[in-house]
Amino acid sequence: MTTLGAVLRPQLAPERFRSVARTADDAGLEELWLWEDCFLEGGISTGAAVLAWTERVRVGIGLLPVPLRNVAVTAMEAASLHRMFPGRAILGVGHGVQDWMGQVGARAESPVTLLREYLTALRALLSGERVTTEGRYVRLDDVALDWPPHGPVEVLAGAMGPRTVRLTGEAADGTVLTATTSPEGVRRARGLIAEGRAAAGRSADAHRVVVYLLAATGSGARERVRAELAAEGVTRQADVGVAGDAAAVAEAVQRLADAGADSVILQPTADEPDPEGFVRFAAEAVRPLVP
């Protein structure tokens, strides 16, 4: 079964999060995802708050930019979330937007090297291992968590370029793809992920693919989707974004699922006029139409 979720976008003021989160939980939404975009809201702080305000919905943080965070700090915070809210926290990490990383003096010369080292260390720490490593970017000396998660946890990684997508298969437990990814893009990503898994001897491991789907419904939906895609430089690519009723959105979700997505997360436009209504629409109108 395809997992369906929605994004609680950081363009919404932090004081609005509680209402949307509670609506998502009450409506039975499976997953609610948050972003740590510069310079809007912090991923761990908002993720912890949403988990505390809700009882059932799984909360994804996708993504935490790794140049901003020492891997030991990320491991401590992730472990705390997993122990306080067992089975409900999902952690994703990624390169971060390079211009933003440059603004804060954290831009890495080799983002792929940094992400590889980071994923290796983070997964080891969250597995309860004691880690010593001297990499180009990640350096740990006899570090172990006093309060590791009680059991195995997923660490997902965001990816766009082929080298990074292949790396997620090699070093992460899942891959997060952006809303500019078409069904054909998902198929290509699946192939690259398989290459990475094979190279790392992980072909038998489960690997979840999460894809964001830009979606809008109601008055002005088509114009809002078109404007947001244009702002992302997408003007003519087919099968990216969807505007319409629940049936139209469910059909777009199914195309991504057929291409290899395990989870499709509906991403409202930044100017979505009714965030509570959007998560309710995802849970109550679209979910019943998605196998």
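What is the one condition in (1) touching a residue at least 60 places away in the same chain (Cβ under 8 Å); (2) in contact with a helix residue (DSSP H, G or I) (Cβ under 7 Å, 6 or more places away or on another chain); (3) surrounded by fewer than 20 Cβ atoms within 10 Å (Cβ to Cβ) that GLU195 does not satisfy?
Unmet for GLU195, out of (1) touching a residue at least 60 places away in the same chain (Cβ under 8 Å); (2) in contact with a helix residue (DSSP H, G or I) (Cβ under 7 Å, 6 or more places away or on another chain); (3) surrounded by fewer than 20 Cβ atoms within 10 Å (Cβ to Cβ): (1).
Given ALA252, ALA259, which one is in contact with a helix residue (DSSP H, G or I) (Cβ under 8 Å, 6 or more places away or on another chain), crowded, with 19+ Cβ neighbours inside 10 Å, of a type in the set (A, V, I, L, M) and closer than 28 Å to VAL97 by Cα?
Details: ALA252 fails: in contact with a helix residue (DSSP H, G or I) (Cβ under 8 Å, 6 or more places away or on another chain).
So the residue among ALA252, ALA259 that is in contact with a helix residue (DSSP H, G or I) (Cβ under 8 Å, 6 or more places away or on another chain), crowded, with 19+ Cβ neighbours inside 10 Å, of a type in the set (A, V, I, L, M) and closer than 28 Å to VAL97 by Cα is ALA259.
I'd like to know if the range 40-47 contains one or more residues that are at negative phi, under 13 Å from the mean Cα position of the chain (by Cα), buried (at least 21 other Cβ atoms within 10 Å of the Cβ) and part of a loop (DSSP other than H, G, I, E, B).
No, because not a single residue in the range 40-47 is at negative phi, under 13 Å from the mean Cα position of the chain (by Cα), buried (at least 21 other Cβ atoms within 10 Å of the Cβ) and part of a loop (DSSP other than H, G, I, E, B).
Among all residue pairs at least 6 apart or on different chains, which show Cβ distances below 6 Å where the first residue, located in the range 142-169, is among the acidic types (Asp, Glu) and the second is surrounded by 15 or more Cβ atoms within 10 Å (Cβ to Cβ)?
GLU154/ASP173; GLU154/GLY174
So ALA283 ticks every box in (1) under 22 Å from the mean Cα position of the chain (by Cα); (2) more than 20 Å from THR175 (Cβ to Cβ); (3) without any contact (Cβ under 8 Å) to a residue 40 or more places away in the chain but one. Which box is left unticked?
(3)
With respect to the numbered conditions (1) touching a residue at least 40 places away in the same chain (Cβ under 8 Å); (2) over 18 Å from PRO10 (Cβ atoms); (3) not in a helix (DSSP H, G or I), which one is the sole condition not fulfilled by LEU229?
(3)
How many residues are under 18 Å from ASP37 (Cβ atoms) and part of a strand (DSSP E or B) when one looks only at the range 75-115?
Of the residues in the range 75-115, 5 are under 18 Å from ASP37 (Cβ atoms) and part of a strand (DSSP E or B).
Taking interchain pairs and intrachain pairs at least six residues apart, which have beta carbon atoms under 6 angstrom, with the first residue in the range 203-224 and over 14 Å from VAL176 (Cβ atoms) and the second assigned to a strand (DSSP E or B)?
Correct list of pairs: LEU214/GLN267; ALA215/VAL242; ALA215/LEU266; ALA216/ALA243; ALA221/ALA243; ARG222/ALA243; ARG224/ALA216.
Computed from the coordinates by the stated procedures, all read-outs in this text should not be read as laboratory data. All values derive from a computational prediction rather than experimental measurement. Counting neighbours? That spans all protein chains shown, and the Cβs are built from the backbone with ideal geometry, glycine included.
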